[in-house]
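Worksheet: the structure to be examined is printed underneath.
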Amino acid sequence: LDIVQQQIANKPKITKASTLKLLKEMLKEDEDEDMVTTSMILSLQCPISYSRMKYPSRSIYCKHLQCFDAQWFLESQNQVPTWACPVCQRNIDLQDLALCEFIEEIINSTSEDNEQVEINVDGTWKVLHEEDVNLSDGEEQKPVISSLSQDGADPEKVKSESVSFSNRPSEPVVISLD
């Protein structure tokens, strides 16, 4: 906690407004003539520790919503200093690491056993339970894409499907440094 408070917690956060702007941009990128992305599934688990995040963070330059736990990230940098984002592999300078206000709000509003949420383009979200979606450990940020009918207005003809952005292995890879 001390290292997180000293290095990250006292700095400005990534605001909820900027996160929602990024969400809209990401979902708009996935659109084409016949498909509209309506929401995104986000993991509340840290991709480093595979445990629930306490300090959801990312670089201010990362172009994804998925956060990682700042404490786990900083501790891992003491052991193997790569200074790369565990989600997108972008180089991270310590001064660019920030807590994400929106994801922090979601984590503080959900119970410890909640692992995933579905975030809508307007910023509303709901907790997903295991029976709703079954993601393997390596899959985060799945958009929900809706197919539009010919006129684009008939809600009866809209169908949803999930598409994975991640091609990481579903099991963590253990590397011995001996």
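The values are calculated or read from the model by the stated rules, or taken from the named source; none is laboratory data. Just so it is clear, the structure is predicted and the values come from calculations on it, not from any experiment. Accessible surface is based on the protein model in full, side chains and every heavy atom, while ligands, DNA and RNA are left aside. Shrake-Rupley method; radii C 1.70, N 1.55, O 1.52, S 1.80 Å.
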Problem set entry | Long-range amide H partners of I48 with built H, under 5 Å | D69
Exercise. So how much slack lies between S51 and L20, counting 0.36 nm per residue of separation and subtracting their Cα-Cα distance, in nm?
Worked result: 8.7 nm
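Expressed in nm to one decimal, what extension gain is obtained for the pair A84 and N10 from 0.36 nm per residue of sequence separation less their Cα-Cα distance?
On the way: separation 74, 0.36 × 74 = 26.64 nm, distance 2.18 nm.
Fully extending the segment from A84 to N10 adds 24.5 nm.
Just subtract the alpha-carbon distance of E101 and E29 from 0.36 nm times their residue separation and send over the number in nm, one decimal.
Working: separation 72, 0.36 × 72 = 25.92 nm, distance 2.33 nm.
Roughly 23.6 nm would be gained on extension.
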Seminar exercise, completed: Under a 1.4 Å probe, counting only protein heavy atoms, R90 has an accessible area in Å², nearest 10, of 100
